[in-house]
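Inspection log for the structure reproduced underneath, given as C-alpha cells.
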Amino acid sequence: MKYVSALLIGAVFGLGIAISGMANPAKVLNFFDLAGTWDPSLAFVMIGALAVAMPGYALVFRNRQKPTFEAAFDVPKNRSVDRRLLGGSALFGIGWGIAGFCPGGAIPALGLLDQETALFLIAMTAGIVATRYVLRAQRAATANL
C-alpha cells in the first residue's frame, strides 16, 4: 500500500503540474519575464498550492503522531538560514529562470517525451552527484586537518 499511495500522490501531483502549465518551460519563463511577456498565472498556481498545503500540513501534524506507511515524519532538523541554504536557493532560482524547469515540473514533463526535458533532468542529476562528491571531499579534507 505504501507504493500504491506514493504512485497515486505522484500522479495527482503530476496532473496538477500539467494542468497548471508548470510542465511548459515557456510559460514558466514568461512568469519570470517581468519587463516583457509577463504571465502572472503561475503566481495563482503557487498561491493555490499554499492555500491547500498550509492547512493540510497543520491538520496532519496536529492530528497524527506518524505517517500511515512510515515510522516517523521525515522533517528537516536544521532550521537555520545559512550560506548553504541561501546559495542553494539562489542556484535553484537561477537554474529555474534559465531552463524554465524546476525538478517538480520536469519529472512529470518527462512523460511528454521531450528531449529537452530529458537533457535537463540528466544535467540536474549530474549537478546533484557532483555537489555530493565535492561536499564529501570537503568533509574529508576538513577531517584530515
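The values are calculated or read from the model by the stated rules, or taken from the named source; none is laboratory data. Because the structure is a prediction, the values reported are computed rather than measured. Don't worry about glycine lacking a Cβ; one is built from the backbone with ideal geometry, like all the others, and counts go over all protein chains shown.
Couple of notes before you dig in:
- Residues being assigned to a helix (DSSP H, G or I) and free of Cβ contacts under 8 Å to residues at least 40 places away in the same chain - total across segment 28-49: 11
- Residues in segment 50-69 that are over 30 Å from residue 24 (Cβ atoms) and without any contact (Cβ under 8 Å) to a residue 24 or more places away in the chain: 58, 59, 60, 61, 62, 63, 64, 65, 66, 67.
- Taken together, 56, 16, 88 contain a single residue that is more than 27 Å from residue 131 (Cβ to Cβ), assigned to a helix (DSSP H, G or I), under 15 Å from the mean Cα position of the chain (by Cα) and small (Gly, Ala, Ser), which is 16.
- Residue 118 being part of a helix (DSSP H, G or I), touching a residue at least 24 places away in the same chain (Cβ under 8 Å) and either under 23 Å from residue 17 (Cα atoms) or not β-branched (Val, Ile, Thr) (or both): no
- Per-region count, segment 108-142, residues modelled with pLDDT of 85 or more and out of contact with any helix residue (DSSP H, G or I) (no Cβ under 7 Å at 6 or more places or on another chain): 23
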